[in-house]
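**Q** Next up is a structure, given as structure tokens.
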Ligand code: FES
Ligand SMILES: [Fe+2]
């Protein structure tokens, strides 16, 4: 007899997920090709590269990347792979260089990626090695509101076209005054990357957080000035057009939110989820950016950045950091609980005892509606050529897109 | 080193060891009493990404007391944590002292598996209060920057 835990729920296919989209290694490999190699991926904030020669290394779709500010002030990216014998050209996470010299046989590249010097060049004369064709392999790089993105697909639309109007709520806080990364930490989470994305998208789980239950008046109510917002390409958000303040004082917290960012109301909260894996959360005076580097289907490296105003005075900076750490630091009120939740889900999902998850809340875009998750998995299904509710269906017509 | 100085240094050593022992037992309300009224608790880590040391938790006593009192209300990592300290290196000048103590924290799951959770140093500043000592700064400087599981518990 079939395991009753493997029977799909009696709901429209858009309203549930087959948990194997989180656990199946072949689906993960497909995501690397069909999602992460195709869409714009946030890599860092411009303030991490203030001067020419400043670089950061990272990974996109499992590929190693150098992001660097060149002599002209533009930000460029290359694969962090030497064209000679594939050693890593840069072996640290950040730094400043005048040029890149590979440590192995000392090939030297300019900040524009061009191969400038090969050591003992006479040895290549007979083979007519063409240096001009052997620069570091460039990767498309564009910035908006200080956020630096790369895209491995030469045919993808321009960044701003891909993001569209989802940038609008970030315009004030990120685009009015120079911002700076003031906090950074990371962790390897034992869960599929999409569970972290889901956790940040769905507001129903405010139940999980003792501090949200006490300070977010809209969590338990039936309707709310805070609304989910759906945008093309799977992007979504959550904010209010009118008054909707986090009630810190109800949680007994005072003096945490000074230095409200431009365009934000005091004690206002905004959440923006860029498809497929970038999240920007704002609490009035501090911005949190979650960037994921999926390692495999069961492990996800998450980087958390906190942003403040670049020329803050010491006191305001301290306030922002205190607020950021209070919720979103490694020992913050919310973050440990979120990690515990997704790791718990993932342990169960790997066992495949119960196969389906439910996204069936319909509440006219009030915060605990699942509409944004449904829209997200619709877009995921479109790009993957699979339905998130029946990913292994043979019949392509079952794809719900 | 005078006899009084030796006794002071020994007391400070014991104080630092006892602080960790209170965490091992999760006696959090006793742990906060290790701080002076103007004391600060801080967890820092150097970010190679940003090229500077960052505070991951920094609170003065009143807010620290509130945060610690709320720990039982949180959904928590069910693992236990055991602190293993090296001998504190202590210097005492009058009514003030400093300590540097290498430490490691082991995490043991309810199922019994143990893993190394974090390593680092306590960089402490203490003041004499009455006949004992209290932290003016209890700073946890982490070497470990990728934690296996986040916790609301102090380190
Ligand atoms: S591998 Fe880089 S110079 Fe040889
Ligand atoms: Fe959460």
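**Q** Among the residues in region A:135-148, are any out of contact with any strand residue (DSSP E or B) (no Cβ under 7 Å at 6 or more places or on another chain), over 30 Å from residue A:233 (Cβ atoms) and within 15 Å of ligand 1 (Cβ to nearest atom)?
**A** Restricting attention to region A:135-148, the residues satisfying the condition of being out of contact with any strand residue (DSSP E or B) (no Cβ under 7 Å at 6 or more places or on another chain) are A:144-145.
If we keep only those that are over 30 Å from residue A:233 (Cβ atoms) as well, we get none.
So far as region A:135-148 goes, no, none of its residues is out of contact with any strand residue (DSSP E or B) (no Cβ under 7 Å at 6 or more places or on another chain), over 30 Å from residue A:233 (Cβ atoms) and within 15 Å of ligand 1 (Cβ to nearest atom).
**Q** So if I check each of A:250, A:333, which one is assigned to a helix (DSSP H, G or I), more than 27 Å from residue A:165 (Cβ to Cβ) and in the same structural domain as residue A:372 (by TED's automatic domain parsing)?
**A** Details: A:333 fails: assigned to a helix (DSSP H, G or I).
Unique residue meeting the criteria: A:250.
**Q** Under the condition of being over 24 Å from residue A:211 (Cα atoms), surrounded by fewer than 18 Cβ atoms within 10 Å (Cβ to Cβ) and out of contact with any helix residue (DSSP H, G or I) (no Cβ under 7 Å at 6 or more places or on another chain), which residue from region B:45-86 is farthest from the other protein chains (Cβ to nearest Cβ)?
**A** Filtering region B:45-86 for residues that are over 24 Å from residue A:211 (Cα atoms), surrounded by fewer than 18 Cβ atoms within 10 Å (Cβ to Cβ) and out of contact with any helix residue (DSSP H, G or I) (no Cβ under 7 Å at 6 or more places or on another chain), the one farthest from the other protein chains (Cβ to nearest Cβ) comes out as B:86.
**Q** Would you call residue A:374 assigned to a loop (DSSP other than H, G, I, E, B), modelled with pLDDT of 95 or more and buried (at least 18 other Cβ atoms within 10 Å of the Cβ)? If you could, list the steps in order and put the result at the bottom.
**A** Numbers: assigned to a loop (DSSP other than H, G, I, E, B): no; modelled with pLDDT of 95 or more: yes; buried (at least 18 other Cβ atoms within 10 Å of the Cβ): yes.
In short, no.
**Q** OK, next. Hey, can you tell me all the residues within region A:77-115 that are on the phi > 0 side of the Ramachandran plot and either in contact with a helix residue (DSSP H, G or I) (Cβ under 9 Å, 6 or more places away or on another chain) or within 14 Å of chain B (Cβ to nearest Cβ) (or both)? It would help to see each step written out before you state the result.
**A** Narrowing region A:77-115 to residues on the phi > 0 side of the Ramachandran plot: A:86, A:95, A:106, A:113.
A:95 - this is the single residue of region A:77-115 that is on the phi > 0 side of the Ramachandran plot and either in contact with a helix residue (DSSP H, G or I) (Cβ under 9 Å, 6 or more places away or on another chain) or within 14 Å of chain B (Cβ to nearest Cβ) (or both).
**Q** What number of residues within region B:49-103 are assigned to a loop (DSSP other than H, G, I, E, B) and in contact (Cβ under 8 Å) with a residue 60 or more places away in the chain? If you could, list the steps in order and put the result at the bottom.
**A** Taking region B:49-103 first, the residues assigned to a loop (DSSP other than H, G, I, E, B) are B:49-51, B:74-79, B:86-88, B:94-95.
Next, only the ones that are in contact (Cβ under 8 Å) with a residue 60 or more places away in the chain stay: B:74, B:76-77, B:79, B:87-88.
Count: 6.
**Q** All but one of (1) surrounded by fewer than 19 Cβ atoms within 10 Å (Cβ to Cβ); (2) within 16 Å of ligand 2 (Cβ to nearest atom); (3) more than 14 Å from chain B (Cβ to nearest Cβ) hold for residue A:368, so report the exception by its number.
**A** Status for residue A:368: all satisfied but (1).
**Q** What helices (runs of 4 or more DSSP H) lie completely within region A:155-219 and have 1 or more residues being more than 15 Å from residue A:273 (Cα to Cα) and without any contact (Cβ under 8 Å) to a residue 60 or more places away in the chain?
**A** A:159-163, A:168-175, A:210-215
**Q** When you look at residue A:341, is it in the same structural domain as residue A:182 (by TED's automatic domain parsing), under 21 Å from the mean Cα position of the chain (by Cα), more than 16 Å from ligand 1 (Cβ to nearest atom) and over 22 Å from residue B:43 (Cβ atoms), yes or no? Talk me through it step by step, then tell me what you get.
**A** Details: in the same structural domain as residue A:182 (by TED's automatic domain parsing): yes; under 21 Å from the mean Cα position of the chain (by Cα): yes; more than 16 Å from ligand 1 (Cβ to nearest atom): yes; over 22 Å from residue B:43 (Cβ atoms): yes.
Spelling it out, residue A:341 is indeed in the same structural domain as residue A:182 (by TED's automatic domain parsing), under 21 Å from the mean Cα position of the chain (by Cα), more than 16 Å from ligand 1 (Cβ to nearest atom) and over 22 Å from residue B:43 (Cβ atoms).
**Q** Further question on the same structure: Filter region A:190-209 down to residues that are within 16 Å of ligand 2 (Cβ to nearest atom) and within 9 Å of chain B (Cβ to nearest Cβ) and give me whichever is nearest to residue B:50 (Cα to Cα).
**A** A:209
**Q** Taking region A:254-308 on its own, how many of its residues are in a loop (DSSP other than H, G, I, E, B) and out of contact with any strand residue (DSSP E or B) (no Cβ under 6 Å at 6 or more places or on another chain)?
**A** Of the residues in region A:254-308, the ones in a loop (DSSP other than H, G, I, E, B) are A:254-268, A:275-277, A:284-285, A:297-298.
Still in the running and out of contact with any strand residue (DSSP E or B) (no Cβ under 6 Å at 6 or more places or on another chain): A:254-268, A:275-276, A:284-285, A:297-298.
Counting residues in region A:254-308 that are in a loop (DSSP other than H, G, I, E, B) and out of contact with any strand residue (DSSP E or B) (no Cβ under 6 Å at 6 or more places or on another chain) gives 21.
The values are calculated or read from the model by the stated rules, or taken from the named source; none is laboratory data. Remember, it's a predicted structure, so these values are computed and weren't measured experimentally. A quick note on method: Cβ atoms are made from the backbone with ideal geometry, for glycine too, and the neighbour counts reach across all protein chains shown.
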